[in-house]
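The block underneath contains the structure these notes are about, expressed in structure tokens.
The values are calculated or read from the model by the stated rules, or taken from the named source; none is laboratory data. Source: prediction; values computed, not measured. Virtual Cβ from ideal backbone geometry, glycine too; neighbours counted across all protein chains shown. Accessible surface areas use protein heavy atoms only, side chains included; no ligands, DNA or RNA. Shrake-Rupley method; radii C 1.70, N 1.55, O 1.52, S 1.80 Å.
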Amino acid sequence: MPAGHGLRSRTRDLFARGFRKKGTIHLSTYLRTYHVGDYVDIKVNGAVHKGMPHKFYHGRTGQVWNVTKRAIGVEMNKQVGNRIIKKRIHVRIEHVMPSRCNEELKQRIKKNDQLKAEAKAKGVVISTKRQPLGPKPGFMVEGTTLETVTTIPYDVVNDLKGGY
């Protein structure tokens, strides 16, 4: 028989719950608050069939554009052919989790604001731009001896007799 092309085809392992992650869903999933503009990761929970997104969106990161009672609207990009389309889908909260994609950015902003405040108190102008690391500094290797390695000449006659 030919393979099916249904809505949930080839999702046996994709939507399966992880090892020791089966069972009832934690209450923190339902008590978490989402605001418009938050980044969320879509991670389909196979135990909940309602509000389940298509398998294409599993593992994608999007931005919240709408919040309803049991679901949130997520906007993300989808490449179709040679163009990128903004897609808006509604997903139940069991299938989303807060994204950590801009965590490093938020930490850097806090650190830069603190550095700017310290510099302003001192009366110094600083740059908070990220700089490339550049090449590693050079060094001299010391305490080693040179060893000359040469090849052993190949002798066909001795090799046929059984070696040296």
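Within region 7-26, residues that are in contact (Cβ under 8 Å) with a residue 60 or more places away in the chain reach no partner that is open to solvent by 100 Å² or more (accessible area, probe 1.4 Å) with beta carbons closer than 8 Å at six or more positions or on different chains.
Within region 17-44, can you find the residues that are within 19 Å of the chain's Cα centre (by Cα) and open to solvent by less than 60 Å² (accessible area, probe 1.4 Å)? Step through it out loud before you land on a result.
Taking region 17-44 as the starting set, the residues that turn out to be within 19 Å of the chain's Cα centre (by Cα) are 18, 38-44.
If the condition is that a residue be within 19 Å of the chain's Cα centre (by Cα) and open to solvent by less than 60 Å² (accessible area, probe 1.4 Å), then Gly18, Asp38, Val40, Asp41, Ile42, Val44 are the ones that fit.
In this structure, is Ile89 open to solvent by less than 90 Å² (accessible area, probe 1.4 Å) and in contact (Cβ under 8 Å) with a residue 12 or more places away in the chain? Walk me through how you get there before you give the answer.
Details: open to solvent by less than 90 Å² (accessible area, probe 1.4 Å): yes; in contact (Cβ under 8 Å) with a residue 12 or more places away in the chain: yes.
For Ile89, the condition - open to solvent by less than 90 Å² (accessible area, probe 1.4 Å) and in contact (Cβ under 8 Å) with a residue 12 or more places away in the chain - is met.
Can you tell me how many residues within region 41-70 are in a strand (DSSP E or B) and among the small types (Gly, Ala, Ser)? Of the residues in region 41-70, 1 are in a strand (DSSP E or B) and among the small types (Gly, Ala, Ser).
Return the residues of region 45-65 that are in contact (Cβ under 8 Å) with a residue 12 or more places away in the chain and open to solvent by 100 Å² or more (accessible area, probe 1.4 Å); say none if nothing qualifies. Even if it seems obvious, please write down each step before you answer.
Step one: list which residues in region 45-65 are in contact (Cβ under 8 Å) with a residue 12 or more places away in the chain, which gives 45-48, 50-65.
Across region 45-65, the qualifying residue is only Lys50.
Within region 14-67, the set of residues being out of contact with any helix residue (DSSP H, G or I) (no Cβ under 9 Å at 6 or more places or on another chain) and basic (Lys, Arg) comprises Arg17, Arg20, Lys21, Lys22, Lys55, Arg60. For Glu104, the conditions (1) free of Cβ contacts under 8 Å to residues at least 40 places away in the same chain; (2) under 30 Å from Arg130 (Cα atoms); (3) surrounded by 10 or more Cβ atoms within 10 Å (Cβ to Cβ) all hold with the exception of (3).
Tyr39 falls short on exactly one of the conditions (1) closer than 30 Å to Gly6 by Cβ; (2) in contact with a Ser or Thr (Cβ under 8 Å, 6 or more places away or on another chain); (3) aromatic (Phe, Trp, Tyr), and that condition is (1).
The set of residues in region 67-77 being surrounded by 13 or more Cβ atoms within 10 Å (Cβ to Cβ) and of a type outside the set (Asp, Glu) consists of Val67, Ala71, Ile72, Gly73, Val74, Met76.
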